[in-house]
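Peer 1: Just passing along the structure, written as structure tokens.
The values are calculated or read from the model by the stated rules, or taken from the named source; none is laboratory data. Keep in mind it's a predicted model, so treat the numbers as computed, not measured. Glycine also receives a Cβ, built like all others from the backbone with ideal geometry; neighbour counts cover every protein chain displayed. Keep in mind that these areas ignore ligands, DNA and RNA; they rest on the heavy atoms of the full protein, side chains included. Shrake-Rupley method; radii C 1.70, N 1.55, O 1.52, S 1.80 Å.
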Amino acid sequence: MPMIHTSFRTSPGPRAGRRWAGRLVAAGLGAALLPALALPAAAVTTTADQPAAVTTTPDQPAAVTTTPDPAVAWGACKDGRLKRAGAQCAKVRVPLDYGDPAGRTIEIAVSRVKAQGERRGILLANPGGPGGVGLGFAAHLRATLKGVAGRYDLIGFDPRFLGESTPITCGKPGPKPEPPRATSPRREFEESLRAARDTARRCLDKGGNRELLPHATTNNVARDMDAIRAALGERKLSYFGVSYGADLGAVFTQLFPDRVDRMVIDSSSDPRATQYELFRQSGRPLERALDQWARWAAARHDRYRLGRTGAEVRAAVRRLVEGAERRPPVVDGVRLDPAVLRLLLRQLVQHREQDEALAGVVRDLVNRPVRPGPHLRAMLDLLRSPELADSMLGATFFMCGDAGWPAGGWPDDPETYWRNMRVSRAAQPVFGPLVNGMMAPCAYWEVGSREPVTAIGNAVPVLMLQARSDNLDGARVLHRRLRGSRLLTAEIRAHGVYGRGADGGSPLPCADRAVNAYLGGGELPGKDFSCRP
């Protein structure tokens, strides 16, 4: 979950804003920005019509049975991209609480691009989060799926409480005092605590949110996926998920092992770790990635003027973030406090394709006065975007309330975060204070799931993809627990392996071919294997 899966385009326009926002949140970027940005407010809307019928067993969570496809009222989609893709949209009604199937219901927004030719079934997809919307994600995969796309009804969906599904929203923030020009790490930390408490209060005290929020869980999203399957009259579903979407797929295999046709999960998490531990674990790989980028930038000193050696470039970055801890730069009206600045660096350094963008951003920020180039301007536009703010809220709902997998684990004592931030500076001077900080207001979250953690351990066939630089050790733990899985290791610096070309990155043809062959009806590879660029 704390990894970021995002488009490789560095200048997202208005049409790409929603996808950028959702994928930035794939690793909790949006949740981490919660203390820094104001959030919009809207009314909470729910419905209370007759829910789908539900069957349960003592050993397995609720499985949903609904009237098949004719009962789903397909119609025109609101999103222009989905319209151009030939998609139809609908709402599927599901229980708010699967333990109370006759109680209150909510709606899940779904989209469908119908199969062309010989049909295999339905393919659901999730782009990551938690907090990312996914109504258009399955249709977006068509460019990479190629001929395989025609074998499936491609089903996108907005997870519960997000996007066009029944929403949860929070109250309006109060007026914020003008931030001081001069500051300190401790002062910034105290401000993040104040903002976190305020966010928790505004979300918990708005309308009927305390009734809804305990049901914002990965388990329930997986159950909603099964409800979509049942509503469409399908015996099984196929699935592709990346980042948090990979974790979601793993949970689905555990809850509904007999409902899986083809399962592909890309860039998963370590099932042993809590969410906070996953954030902390990401610090060392980020520092290694920064070293790789610094050597790249040093070889281009004539262009970027950041240093002639990797050590000199890294020192320039360190001066930049440590300077922001005393006097944060304000660029085009956006205050780049230390946490936000580190987040921008983190977003870019994870992907080799973003080396040029990262060099441009750092070059712009070390110059005085700051004159934003196209890469920095794109990031500033994203920080101001309402799509990111919406995704930030969704990330909070699930990260603070989820006891699914990986589960919560956020310390209650704020001083724990401060101690970890201070200790981390020695070995992780650039990213340690970020990944050890309070990445979401969970210390102040007073509601959460009533369910136990979902332990993964099954023999469902799964194709797993993981970049070597991207928490490969944790993915191997999940691989051992998914005993029927095969692991494709990508020899790249990235988060997200499949479909990179469709997002403007460098495609990994070996991985794309392997996924398409499997989804197209081929056998799961006989053994684990690697793909190189």
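Peer 1: Among Gly241, Gly233, which is the only one that is under 25 Å from Gly134 (Cβ atoms), open to solvent by 40 Å² or more (accessible area, probe 1.4 Å), in contact with a helix residue (DSSP H, G or I) (Cβ under 7 Å, 6 or more places away or on another chain) and of a type in the set (Gly, Ala, Ser)?
Peer 2: Gly233
Peer 1: I need a count of the residues in region 359-376 that are assigned to a helix (DSSP H, G or I) and either open to solvent by less than 10 Å² (accessible area, probe 1.4 Å) or free of Cβ contacts under 8 Å to residues at least 60 places away in the same chain (or both).
Peer 2: 8
Peer 1: Which one of these does Pro386 not meet: (1) modelled with pLDDT under 90; (2) open to solvent by less than 20 Å² (accessible area, probe 1.4 Å)?
Peer 2: (2)
Peer 1: While we're here: For a quick check of your reading: which helices (runs of 4 or more DSSP H) sit entirely within region 156-266 and have at least 1 residues that are aromatic (Phe, Trp, Tyr), farther than 26 Å from Asp470 by Cα and at pLDDT 95 or above?
Peer 2: Ranges flagged: 185-204.
Peer 1: So which residues in region 75-110 are assigned to a loop (DSSP other than H, G, I, E, B) and either among the charged types (D, E, K, R) or open to solvent by less than 30 Å² (accessible area, probe 1.4 Å) (or both), if there are any at all?
Peer 2: Listed by number, the residues that qualify are Cys77, Lys78, Asp79, Ala85, Ala87, Leu96, Asp97, Tyr98, Asp100, Gly103, Arg104.
Residue-wise test of (1) surrounded by 17 or more Cβ atoms within 10 Å (Cβ to Cβ); (2) in contact (Cβ under 8 Å) with a residue 40 or more places away in the chain; (3) touching a Leu at 6+ places or on another chain (Cβ under 7 Å); (4) not in a helix (DSSP H, G or I).
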residue	(1), (2), (3), (4)
Arg284	no, yes, no, no
Ala315	no, no, no, no
Pro328	yes, yes, yes, yes
Ala357	yes, yes, yes, no
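Peer 1: As an exercise: evaluate Leu380 against (1) farther than 30 Å from Asn219 by Cβ; (2) open to solvent by 10 Å² or more (accessible area, probe 1.4 Å); (3) out of contact with any helix residue (DSSP H, G or I) (no Cβ under 7 Å at 6 or more places or on another chain) and give the number of the one condition it does not meet.
Peer 2: With (1) farther than 30 Å from Asn219 by Cβ; (2) open to solvent by 10 Å² or more (accessible area, probe 1.4 Å); (3) out of contact with any helix residue (DSSP H, G or I) (no Cβ under 7 Å at 6 or more places or on another chain) applied to Leu380, the lone miss is (2).
Peer 1: Considering only region 416-431, I want to know if a residue exists there that is within 18 Å of Gln347 (Cβ to Cβ) and open to solvent by less than 10 Å² (accessible area, probe 1.4 Å).
Peer 2: So far as region 416-431 goes, yes, one or more of its residues are within 18 Å of Gln347 (Cβ to Cβ) and open to solvent by less than 10 Å² (accessible area, probe 1.4 Å).
Peer 1: Just checking: which of the strands (runs of 3 or more DSSP E) contained wholly in region 433-533 hold 2 or more residues that are open to solvent by less than 20 Å² (accessible area, probe 1.4 Å) and closer than 17 Å to Ser267 by Cα?
Peer 2: In region 433-533, the matching strands (runs of 3 or more DSSP E) lie at 462-467, 485-490.
Peer 1: Need pairs with beta-carbon distance below 8 Å; first residue closer than 13 Å to Leu382 by Cβ and within region 338-354, second open to solvent by less than 10 Å² (accessible area, probe 1.4 Å) and outside any helix (DSSP H, G or I); sequence gap 6+ or separate chains.
Peer 2: Val340/Leu33; Leu343/Leu33; Leu344/Leu336; Gln347/Ile4; Gln347/Thr6
Peer 1: Could you grab me the full set of residues in region 115-168 that are at positive phi and free of Cβ contacts under 8 Å to residues at least 40 places away in the same chain?
Peer 2: Selection gives Gly117 alone.
Peer 1: Another one. Test Ala138 against the stated conditions and say whether it is surrounded by fewer than 24 Cβ atoms within 10 Å (Cβ to Cβ) and of a type in the set (A, V, I, L, M).
Peer 2: no
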